[in-house]
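The values are calculated or read from the model by the stated rules, or taken from the named source; none is laboratory data. Worth saying up front: this structure is predicted, and the values here are computed from it rather than measured. The protein model used for the area step is the full one, side chains on, heavy atoms only, and it has no ligands, DNA or RNA in it. Shrake-Rupley method; radii C 1.70, N 1.55, O 1.52, S 1.80 Å.
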Amino acid sequence: MEDTIETDEVTYQEKLRFSQRIKNLSQEDLGRVVEMIKSLCPDAFREMEKDRAQIIVDNLDCDSFQRINE
């Protein structure tokens, strides 16, 4: 993911763009993002059911958000 963040806060627009881009990732790329989130900011990931999970974008801190978007 390629957006860079130059402030200490993640804007609503950046979160929205991230959420939209996540939906278009391949299974392999999504798996990498999930592993990064689980490692960097576990509070931003919630397993729901067998093959379902939720990424809670609001729980990603700015540093983690930036690293995932690189």
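Helix 12-22 and the longest principal axis of the C-alpha atoms of the chain enclose an angle of approximately 40°. Close amide H contacts of Ala53 (hydrogens built in the peptide plane, cut-off under 5 Å, sequence separation of 5 or more or a different chain): Met48. Return one number: the angle in degrees, 0 to 90 and rounded to the nearest 10, between the long axis of the Cα atoms of helix 27-40 and the longest principal axis of the Cα atoms of the chain. Roughly 70 degrees between the two axes. Ranked by solvent-accessible area (1.4 Å probe, protein heavy atoms only, all chains present), the residues Lys38, Lys50 order from largest to smallest as Lys50, Lys38.
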